[in-house]
Amino acid sequence: MKKVYSAFGDFFGGGKAYDPSSQSQSSPVTITSFSQPHVLQTRMKEEKLSHGGTVKANLSPVRLEMNHGSVIMYFCPMKSLQVLEIVAEGDGGNIPVQAKIEGLSVPVGYKPGLYELENIELTSNGTIQVKATEKTTWKYLKSTLEQ
């Protein structure tokens with residue numbers, strides 16, 4: 001299987017690689033302070049979601065990239081939040097600015113690029129929480145290197 005190397009790894013002494021064949025399917029996807037959760041917050045506001053609400057949704061596109069030995073998810077390219085089901089109505093309050101993700105694993109056959117993240121649970125109580133469900137899937141859209 002092909003290894004995916006982190007950007008600029010050779011410049012800074014050693015490049016870490018993500019090798020899908022050596023990882024279990026439970027390798028976590030993470031977010032960082034550079035993941036731009038304000039983009040997710042904006043899409044939630046556009047869908048009239050509010051604090052305390054929970055929905056099942058699709059997020060598209062999100063970017064997955066290799067960074068320092070981990071696969072990081074970025075919300076910056078996200079154009080749409082498709083609400084599939086309202087689980088709980090919000091209380092009308094403001095959507096939090098911080099986000100966390102829970103239970104998202106590196107997709108099988110991972111390659112860096114844009115993905116549609118399908119069938120997640122999205123909650124906004126204290127933080128924006130993006131949670132995997134039993135139906136969560138990653139749909140590869142394209143490489144971020146394509147024009």
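The values are calculated or read from the model by the stated rules, or taken from the named source; none is laboratory data. The model shown is predicted, which means the values in this text are computed figures rather than measured ones. Positions of Cβ are backbone-derived with ideal geometry, glycine not excepted, and every protein chain shown enters the neighbour counts. Ligands, DNA and RNA are stripped out before the accessible areas are found, and what is left, the full protein with its side chains, is counted by its heavy atoms. Shrake-Rupley method; radii C 1.70, N 1.55, O 1.52, S 1.80 Å.
Mean sequence separation of contacting Cα pairs (under 8 Å, at least six apart), scaled by the length of the stretch 39-83, corresponds to a relative contact order of 45 percent. The order of 84, 64, 49 by accessible area, most exposed first and with a 1.4 Å probe, is 84, 49, 64.
Normalising by the residue count of the stretch 38-147, find the relative contact order in percent from Cα pairs under 8 Å and 6+ residues apart.
32 percent
Three principal axis extents describe the C-alpha atoms of the stretch 70-146; from largest down they are 41, 25, 23 Å. Of the GluC sites (Glu not before Pro) in the stretch 84-147, the ones in a loop by DSSP (not H, G, I, E or B) with at most 12 other beta carbons within 10 Å are 89, 146.
Over the stretch 88-140, Cα pairs under 8 Å with separation of 6+ residues give a relative contact order of 42 percent. Judged by the ratio a/c of the largest to the smallest principal axis of the C-alpha gyration tensor, the stretch 57-112 counts as prolate, that ratio being 1.5 or greater while a/b is larger than b/c.
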